[in-house]
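Reviewing the structure listed below.
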Amino acid sequence: MSDSDGKKTLGLRGGPRSGQVKQSFSHGRTKNVVVETKRKRVVVPKPGAGKPGAAQGGQGKAGGVTDSEMERRLKALQAAKAREADEAKQRAEDERRREEERKRRREEIEAKEREEKERAERARQKAEDDERKRKEEAEARKREAEERKKAVLGTKGRNASKPEPKKPADKKPAPTPADAQAAEAGAGTRSGGPKPSQRRDRDGQDKDRNRGKGKGGDGRRSGKLTLNQALSGGDGRQRSVAAMKRKQERLRQKAMSGSNEPREKVVRDVQVPEAIVVSELANRMAERVADVVKELMKMGMMVTQNQSIDQDTAELIIEEFGHNIVRVSDADVEDVIDTVEDKEEDLQPRPPVITIMGHVDHGKTSLLDAIRDAKVVAGEAGGITQHIGAYQVTTDSGTVLSFLDTPGHAAFTSMRARGAQVTDIVVLVVAADDSVMPQTIEAINHSKAAGVPMIVAINKCDKPTADPMKVRTELLQHEVIVEAMSGEVQDVEVSAHTGQGLDELLEAIALQSEILELKANPTRAASGAVIEAQLDVGRGPVATVLVQNGTLRQGDIFVVGEQWGKVRALVNDKGDRVQEAGPSVPVEVLGLNGTPEAGDVLNVVDTEAQAREIADYRIQAAKDKRAAAGAATTLDQMMAKAKADENVAELPLIVKADVQGSAEAIVQAMEKIGNDEVRVRVIHTGVGAITESDVGLAEASSAPVMGFNVRANAPARNAANQKGVEIRYYSVIYDLVDDVKAAASGLLSAEIRENFIGYAEIKEVFKVSGVGKVAGCIVTEGVARRSAGVRLLRDNVVIHEGTLKTLKRFKDEVAEVQSGQECGMAFENYDDIRPADVIEIFEREEIERKLD
Ligand code: GDP
């Protein structure tokens, strides 16, 4: 190679030789090249000189050294040129294809836009029609109502409200036009105001211009042939591509060296969401990606075209290129969620939602149970209540109340933290024998912070040691002045045990709710809040939703937090399937694609596509947020973080629990553990069995996995063994908290630890008179020991924990059954066993703890 280079230089020095060389290109085109003028180029296409195999092969024709050399050089040149031309052609061909693709896309966009405009127009028309119709209907309704009023006026005052509940039925036909009208009105405003569709229009035009300009923006000048024209026109193929390329090069150079012809710059309105991929930004500005990347580099940002930059950075770039930024929010996908204010006339009274709060052991659960037992069981036929996280009762005076069945502050606060304020009234339970305690004060602060009115239930008044007056006086110190102390806050003396004062309490709540004048519009698309969610065996993800506005119906499509779905079934607090649920009604919703979290907001939307789009957007947004929180962006932050890391020992944890409520409670408890030196960090929490991915995450972050009433599935167990990940199981939150506390503070004393000694699977269930249900099992792992503790697992969720009443091998009572053998087992005081359930057999031992 160096040899040929040397010779080439030699040849050049030898002086110019002129001559014509016939170049042949692929596709049978030929061209004459004047060698002399081109000779200088010999130096240029160095790569050509590097591998001129073809050229070398054809050597040796001429006689003289110089001549043969010349010949060779010419051949080399020829080959190089041919290659160059081929490459250029290939590039042009690619460009042409790209251009075609762009054109096609543009046409698509145009078509879509047209369609959209038409649709908007139609929607507007329809909205107008509907509006007219609605007005007419409203008129008719009003007239009707007036007539009814006249008719009803004769009856008793209380009954006057009776027709009310029937109203939704009367109004049945109304919802559709009203809803449609609302939706259409939305569409109308959107196309009217500076809203997405218009933005889309503008965007579309931008793209048009953009496409029109294409890569040949530089060649757009008067009379000159643009690359576009050249390539799309039929004669484009006839033109020498190399010439085209040269021309382009010339133009580019001219442009770069600041040509005197000013580039007419199209100033664009560039839409930028909260984060935008660099290539997309370039596309929207109709600038070259490379230029944008370069510009970013100048600003000190090393990014590739596939990375995202934030809105502010994008703004700098856009300004740099002389365009205008139009900030849009990705959240626009959420615009389809109906947020139209309800009209006063659509609003109807709704039941209040009540949360019971108070210090531990002051009787919150007992009170909830007492109210339910007194009101629901007695009132309903069948009367089996189902725990779905909330229930409704009707007071003697006919007011319906919705109670949240998850007492305590954790649920209340975590829901509020997520923006779901569902509670209208707080019942503060204070035990008359214990008076105001720390969590009582906490509860007072919570309800004050949320601006929720309070009613004080002084509980355990049946006890001889009860001192209700003490409670009232102590509450004064916390600025809760009850009515008995001539304040505003209602107080009722109750006993969850004897039922004393329960009716009074319910009436107090009813009165309070009347004062609040709670209203909602049952005719609109439903929105609500998740108060509990879990992955149910057999039913899939199930969420208890408290409808807050509108009416949720079977078949509705919804988005809830980062999940979406279509209502497959609704189950009320009595366990009955229902077709719909109106404001303040709690229902179990089936048909979700994943398990949402307590506090997530549910919104009904029109189409599955919308629901999916919103859910996807939220997932992405959450991811971005986490990434943003995790990445220390500036050095200052980084240093601060490093410093913090240095001083604070972190104990990372992964928490898996059987229900969302427990998971939240654990996380909250964990967050409270720690001081300046040590902190607990829950890196992941979830509902359901511990999976391999949990173990993977645990390994990656050197964290133990805490299972609360859940177990690891087999692959996860294996993975944990392999990777040395610690999995701990708990069924009492306090135990978990205590353990973590101990670990966190380094107080690792000896502890009672459970060892799993075996697993058995239930094959059959027999009924044996005198004994009850007996499980016919096979020991699948380890041993079953009569003396050991047992747990019943159904789908890796703990259903029961206790001891064995009997362990039989054939007919004999035995102490131990080995793996692989069949046996009969029955639980002490527990009967709900089913085939395919798994029995976990464990023993407790005292061991030295090591959790670091
Ligand atoms: P929570 O922790 O606030 O939910 O309290 P619980 O409802 O679990 O009650 C704690 C204890 O107080 C239980 O042993 C109940 O039996 C008892 N308890 C609850 N209400 C009453 C009551 O009205 N009278 C009496 N004597 N005991 C009660």
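The values are calculated or read from the model by the stated rules, or taken from the named source; none is laboratory data. What you see is a predicted model, and the numbers here were worked out from it, not measured in a lab. No Cβ is skipped: glycine too gets one built from the backbone with ideal geometry, and neighbour counts run over all protein chains shown.
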Total residues in segment 516-534, condition of a type in the set (S, T, N, Q) and within 27 Å of the chain's Cα centre (by Cα): 2
Subset of segment 442-492 that is within 16 Å of the ligand (Cβ to nearest atom), in a loop (DSSP other than H, G, I, E, B) and of a type in the set (D, E, K, R) - its residue that is nearest to H362 (Cα to Cα): K460
Residue pairs meeting the criteria (Cβ under 6 Å; at least 6 apart or on separate chains; first over 22 Å from T473 (Cα atoms), in segment 449-462; second more than 10 Å from the ligand (Cβ to nearest atom) and modelled with pLDDT under 95): A450/R416
Meets criteria (out of contact with any helix residue (DSSP H, G or I) (no Cβ under 9 Å at 6 or more places or on another chain) and within 28 Å of H446 (Cα to Cα)) for D361: yes
Hits in segment 781-817 (condition: in contact with a strand residue (DSSP E or B) (Cβ under 7 Å, 6 or more places away or on another chain) and closer than 25 Å to D536 by Cα): V790, R791, L792, L793, N796, V797, V798, I799, H800, E801, G802
Tally of residues being within 13 Å of the ligand (Cβ to nearest atom) and either on the phi > 0 side of the Ramachandran plot or assigned to a helix (DSSP H, G or I) (or both) across segment 420-441: 2
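Rundown of residues vs (1) within 30 Å of A432 (Cβ to Cβ); (2) within 16 Å of the ligand (Cβ to nearest atom); (3) of a type outside the set (S, T, Y); (4) at pLDDT 85 or above, yes/no style:
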{"residue": "T313", "(1), (2), (3), (4)": "no, no, no, yes"}
{"residue": "V336", "(1), (2), (3), (4)": "no, no, yes, no"}
{"residue": "V340", "(1), (2), (3), (4)": "no, no, yes, no"}
{"residue": "V376", "(1), (2), (3), (4)": "yes, no, yes, no"}
Selected residue (only one of S513, S447, S486, S495 is among the polar types (S, T, N, Q) and touching a Cys at 6+ places or on another chain (Cβ under 6 Å)): S495
Any hit, segment 545-566, residues being of a type in the set (K, R) and in contact with a Lys or Arg (Cβ under 9 Å, 6 or more places away or on another chain): no
Count of segment 87-115 residues which are over 17 Å from N283 (Cα atoms) and crowded, with 16+ Cβ neighbours inside 10 Å: 5
Residue that is within 16 Å of the ligand (Cβ to nearest atom) and either buried (at least 21 other Cβ atoms within 10 Å of the Cβ) or modelled with pLDDT of 85 or more (or both), where the choices are I356, I325: I356
Condition met for R141 (assigned to a helix (DSSP H, G or I) and modelled with pLDDT of 75 or more): no
